[in-house]
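Below you'll find the structure, written out as structure tokens, and then a few comments.
The values are calculated or read from the model by the stated rules, or taken from the named source; none is laboratory data. Fair warning: this is a prediction, and the values are worked out from it, not measured in the lab. Glycine also receives a Cβ, built like all others from the backbone with ideal geometry; neighbour counts cover every protein chain displayed. SASA here: full protein model, heavy atoms, side chains in, ligands and nucleic acids out. Shrake-Rupley method; radii C 1.70, N 1.55, O 1.52, S 1.80 Å.
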Amino acid sequence: MTMSEYFDEAPYAARITWLGHVADRAAALASEGQAQAVLTYGGIEGEDHGGVTRPACSRVSILHPRDTQIRNTRQLTILAAEQIDEIARNMGLDHFDPAWIGVSMVVEGIPDFSYVPPSSRLQTPDGATLTIDMVNHPCTLSGRSVERFAPGYGPKFKPAAVDLRGVTAWVEREGTLTVGDEIRLFVPKQRGWQPDA
């Protein structure tokens, strides 16, 4: 089988508009902007969300006891510029900085980005490839970080970001991400799940 039998290239011209780096999330969730990021199999080089494995957290408590080592499918948090603007409007802000909530990458040009199907791929011209794990639901931890930068708005973040918080992803192929790069979306070919069919 050829790749075209497994994936469809989505017809969207997306580009990277922002890259972030969290040096120490225990100190602060916020990320620092950067022009370029080197991807390794452990995530963004030197980034605190990186690692091939991670300790299980409350998101997977139905499956694993807390702190059990599991595969790190949350190496990057990716949001859409269009959805960030919508979060800002929902909160009553003129501007929402992705750095406030520790975002790894912002892309522009892919509609309904937070619900791109799991296992879709994002690939840059040099071949760096990210595999989307799943939708990234908003949390109160992010809201507390927002409060540091926009006092009085932190509690508004979680309800404002429902269905708009982007996705988590992990590195399938190493390479480099650069602000301004085109990034192509490849969606797995499969029908929707029909458990009652």
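How many nm separate the modelled label positions at GLU172 and ARG25, each set 7 Å beyond the Cα in the direction of the Cβ?
The modelled label-to-label distance comes out at 2.3 nm.
Report, in whole Å, the centroid distance computed from the Cα atoms of the range 127-197 and the range 28-99.
8 Å
If you place +1 on the Cβ of every Lys and Arg, -1 on the Cβ of every Asp and Glu, and leave all else neutral, what size is the dipole of the range 104-165 about its Cα centre, to the nearest 20 Debye?
Using only the charged Cβ atoms, the result is roughly 320 debye.
Which chymotrypsin sites (Phe, Trp or Tyr not before Pro) in the range 104-193 sit in a loop by DSSP (not H, G, I, E or B) and have at most 13 other Cβ atoms within 10 Å of their own Cβ?
TRP193
Over the chain, with every protein chain in place, what whole percent of the accessible area is carbon and sulfur at 1.4 Å, could you tell me?
52 percent
What is the dipole size for the range 50-167, taken about its Cα centre, with +1 at each Lys and Arg Cβ and -1 at each Asp and Glu Cβ, in debye to the nearest 20?
600 debye
I want the antiparallel fraction of DSSP beta bridges within the chain, as a percent rounded to 5.
Counting only bridges with both partners in the chain, antiparallel ones make up about 90 percent.
Which whole-number value in Å² is the accessible area per residue of the chain, probe 1.4 Å?
With all protein chains present, the chain gives 52 Å² per residue.
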